[in-house]
Amino acid sequence: MKVNLNKREPVYVQVVRHFKEQIAAGNYEPGQEIPSRRELANQLKINPNTAQRAYKEMEEQGLIFTEGNNPSRITKDGKVIGTVREELIIQAVDAFITSIRPINIPVDDLVGLIKEKYTEIERNTRGDSNDRS
Amino acid sequence: MNRYFKLVNFEFNRFLKIYLVLIGITIISQIIGVIVKSNQYLNMANDQIQGGSMSSSEFINQYGPISLYEIIQTLWFLGPIALCIVSLIIYVFFIWYRDWLGKNTFVYRLFMLPTARINIYFAKATTVFLMVLGLIALQLLLLPVEAWILQWIVPFDFRIDMSIREITGIFHYFAILFPNTIVQFIIHYGIGFMAVFVVFTAILFERSYRWKGILFGIIYGVLALLLFFAPVLLQATILYEFFYPIELLVLQMITGLTVIAGSIWMSNYLLNKKIRIW
Amino acid sequence: MIEVKELTKKFGRKTVLNGVSFTAEKGQITCLIGINGVGKTTIMNAIMALTPINGGEILINGEKIHKHSYEKITFIPDAITMLPQMKISETMQFMADFYDCWNQKRADEILQFFKLREDNRLSELSKGNTAKVNLMLGLAMDVDFLLMDEPFSGIDIFSREQIADVFSSHLVEDRGVLITTHEINDIEHLIDKAVLLNNGIVSKEFNTEEIRENEGKSVVDMMREVYQG
């Protein structure tokens with residue numbers, strides 16, 4: 001697991017976002033076991049207290065759950081997962097629109113361009129990930 | 001207490017290599033000395049007697065028989081003793097300063113041990129004392145061996161056999177190192193021990209205050225000296241011939257113990273409150 | 001908790017620390033930052049009673065340091081505190097002899113983690129490996145507080161990464177860690193709290209996550225304010 005951490009944003013927020021991305025992308029399946037706080041801290045090279053805070057936050061948001069002394073797991077609640085996906089997509093699109101609007105490009109051109117670029121990137125990254133696996 | 005013994009053991013082992021070298025030099029040099037000197041004597045005797053210039057009794061009359069007494073006064077014998085004394089005097093300083101020296105400042109470790117710091121001081125003093133006693137014991141063991149070698153080389157008529165007591169008593173410097181009575185032993189080595197304590201305290205002054213500390217250390221040493229010799233000084237000056245010798249001895253024991261106690265107290269204070277690790 | 005209260009220290013006529021106050025909590029990694037000068041190391045030495053202080057007070061779990069405290073708090077200076085001729089195994093034996101809190105199991109684990117062999121002599125080790133042994137000697141003590149002076153200075157990048165790994169590992173567990181550094185890059189995400197020293201006083205003392213959350217600033221941003229502002 002490798003996450004590029006930003007130095008000006010709370011680390012726990014970044015960790016939560018990382019988990020949401022993984023859940024939304026389907027890299028974490030519902031009910032899947034996740035690393036312990038200590039393991040996560042060690043993997044991400046972050047402070048264990050921060051990892052703890054991120055887990056607490058995720059538990060409050062219903063993203064993960066812990067039963068007794070067992071390891072924490074990704075939620076099995078399809079509705080929550082759906083919301084996460086939606087939230088991330090909307091956030092990303094919002095960010096995109098904010099940065100593209102000042103350029104004043106017609107929407108249709110933009111959509112065409114997006115389609116073109118997207119398939120290109122898809123092709124490349126698929127090749128990459130095939131190599132890796 | 002337990003950690004004190006461990007510290008003594010540790011300090012002892014740290015100096016052990018040099019110490020064993022000193023012991024080796026002493027043994028080899030003194031034994032070679034006995035062999036060389038007795039052979040020289042025998043050669044001279046052979047030359048004179050074989051040459052027909054005199055009979056063996058005339059030779060003994062003229063040159064005298066050989067004994068350890070003659071051999072002891074040679075460089076073969078006194079050289080290693082002087083070397084040991086000088087080494088141990090340097091060691092009294094070195095045992096402290098090496099902990100501050102170098103990249104690896106061991107003094108950090110020593111001062112962070114979960115034991116009273118004065119135990120470090122006692123351990124170092126004990127180590128010095130053990131080293132001194134060890135060398136004295138070595139010399140006492142070597143003397144009979146050397147007497148035996150002399151007997152083995154030189155025929156009976158040409159030598160005088162001396163007991164260890166005779167050897168150590170007859171030679172002035174040896175009388176200091178090898179006192180004949182327990183009381184004298186306590187006095188000689190008590191003074192030696194006191195001197196080590198005073199020097200240790202002066203070193204700790206220097207280690208605590210550095211340049212200024214050298215001055216403090218010297219002043220402390222002078223004060224300790226004055227206090228220790230106060231009875232003698234009084235006797236020699238204002239209280240001329242006031243004390244009996246035994247009174248003087250008791251008074252000096254008291255001042256000596258006071259100096260020791262004062263040094264320990266002062267060192268304890270410096271180690272706990274004033275010492276610096278760099 | 002380590003409490004440093006109004007600590008003042010002079011070298012000759014020069015005042016190096018002029019009323020320094022801060023705390024370091026158990027279970028947290030506190031970082032003492034200063035870009036130059038001797039202040040940081042002096043504070044460490046003062047906490048461990050290795051140098052006399054001119055004023056103020058230092059408490060460890062509410063009491064002044066005494067001989068038994070050295071089983072509860074330990075200090076890893078920037079140079080190793082063992083004799084160069086010692087083997088790693090001998091340094092561990094020394095620790096086991098003198099400290100009740102020495103944990104040999106953990107020491108072995110750390111040696112394995114750092115890939116060090118215990119029959120190596122200290123004098124034969126590289127700088128990076130010497131730093132690791134130095135760290136091992138402190139980490140393998142079951143103490144509440146661990147002080148480290150510039151654990152990252154003067155060693156190669158891979159050793160630095162390995163040492164940084166230690167901070168987020170179970171080797172630190174829920175102990176209190178106080179480290180000094182002049183460059184924060186390696187460990188910005190590892191620390192809970194930063195104490196910025198400047199001109200002999202504490203200019204800022206803050207929780208790193210809070211400062212990111214509330215002000216959107218990085219530790220380096222805070223340092224810039226103090227040291228360039």
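The values are calculated or read from the model by the stated rules, or taken from the named source; none is laboratory data. Everything numeric here is computed off the predicted structure, so don't read it as measured data. Reconstructed Cβ throughout: ideal geometry from the backbone, glycine too, with neighbour counts over all protein chains shown. Side chains included, ligands, DNA and RNA excluded: accessible areas come from the protein's heavy atoms. Shrake-Rupley method; radii C 1.70, N 1.55, O 1.52, S 1.80 Å.
In table form, for the structure just shown:
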item: Reference-scaled alpha-carbon Rg (2.2 N^0.38 Å with N residues) for segment A:1-102; result: 1.12
item: For chain C: span of alpha carbons on each principal axis (Å, largest first); result: 50, 37, 30
item: Segment C:85-229, relative contact order [Cα under 8 Å, separation at least 6], %; result: 17
item: Descending semi-axes in whole angstrom, ellipsoid equivalent of segment C:75-157, from the Cα gyration tensor; result: 18, 15, 12
item: Those lysines that a straight Cα-Cα span of less than 29 Å connects to A:Lys117, excepting residues fewer than 8 apart in one chain; result: A:Lys2, A:Lys20
item: Separation in nanometres of the label points that stand 7 Å from Cα toward Cβ, at A:Leu110 and C:Ser89; result: 7.1
item: Rounded to whole Å, sorted largest first: equivalent-ellipsoid semi-axes of segment B:23-140, Cα gyration tensor; result: 50, 13, 8
item: Dipole moment magnitude, nearest 20 debye, the protein assembly as shown about Cα centre, only Lys, Arg, Asp, Glu C-beta charged; result: 1040
item: Test item: B:66-78 mean partner chain Cβ contacts at 10 Å; result: 0
item: Cβ-defined net charge surrounding A:Ile89, 13 Å radius [Lys, Arg +1; Asp, Glu -1]; result: -2
item: DSSP bridge orientation in the protein assembly as shown - percent antiparallel, rounded to nearest 5; result: 55
item: Shielding by other protein chains, A:43-55, mean Cβ within 10 Å; result: 5
item: Hydrodynamic radius by Kirkwood, which averages 1/r over all alpha carbon pairs of the protein assembly as shown, in angstrom; result: 31.0
item: At R0 = 56 Å, FRET efficiency that the Cβ-Cβ distance of B:Asn272 and B:Ala82 yields, to 0.05; result: 0.90
item: Hits among aspartates and glutamates - C-alpha to C-alpha of C:Lys105 under 20 Å, sequence gap 8 or more where chains match; result: C:Glu71, C:Glu90, C:Asp97, C:Glu118, C:Asp119, C:Asp142, C:Asp144, C:Asp165, C:Glu173, C:Asp174
item: Computed helical MRE - 222 nm, the protein assembly as shown, DSSP H runs ≥ 4 contributing -39500 (n - 2.57), nearest 500; result: -19500 deg cm²/dmol
item: For A:Ile64, residues with placed amide H under 5 Å, excluding near neighbours; result: A:Glu59, A:Thr75
item: nm² value of the averaged projected area, convex hull over the Cα atoms of chain B; result: 19.5
item: Pairs of alpha carbons in segment B:191-277 whose separation is greater than 15 Å (percent); result: 60
item: Under the Karplus curve 6.51 cos²θ - 1.76 cosθ + 1.60, θ = phi - 60°, whole-Hz ³J(HN,Hα) for segment A:40-48, x wherever Gly or Pro sits; result: 4, 4, 5, 5, 8, 6, 10, 5, x
item: Net +/- balance of residues flanking C:Pro77 in space, Cβ distance below 10 Å, scoring K and R +1, D and E -1; result: -2
item: Heavy atoms of A:Glu9: accessible area, 1.4 Å probe, square angstrom to 10; result: 50
item: Taking chain B and dividing mean pair separation by its residue count, relative contact order in percent (alpha carbons under 8 Å, at least six apart); result: 21
item: Within straight-line cross-link reach of C:Lys5, aspartates and glutamates at Cα separation under 14 Å, skipping those fewer than 8 residues along the same chain; result: C:Glu57, C:Glu63, C:Glu205
item: For peptides C:152-165, A:109-122, sequence by mean Cβ density within 10 Å, most packed first; result: C:152-165, A:109-122
item: Solvent-accessible surface ranking, highest first, for B:Trp211, B:Trp278, B:Trp96 at 1.4 angstrom; result: B:Trp211, B:Trp278, B:Trp96
item: Spin-label pair B:Ser56/C:Ser126, simplified geometry with 7 Å Cα→Cβ offset, distance in nm; result: 7.6
item: Entries of B:Lys124/B:Lys212; B:Lys6/B:Lys273; C:Lys10/C:Lys87; C:Lys9/C:Lys64; B:Lys103/B:Lys274; B:Lys17/C:Lys67 with Cα pairs more than 27 Å apart; result: C:Lys10/C:Lys87; B:Lys17/C:Lys67
item: Average beta carbon contacts from partner chains per residue of C:43-55, 10 Å cutoff; result: 3
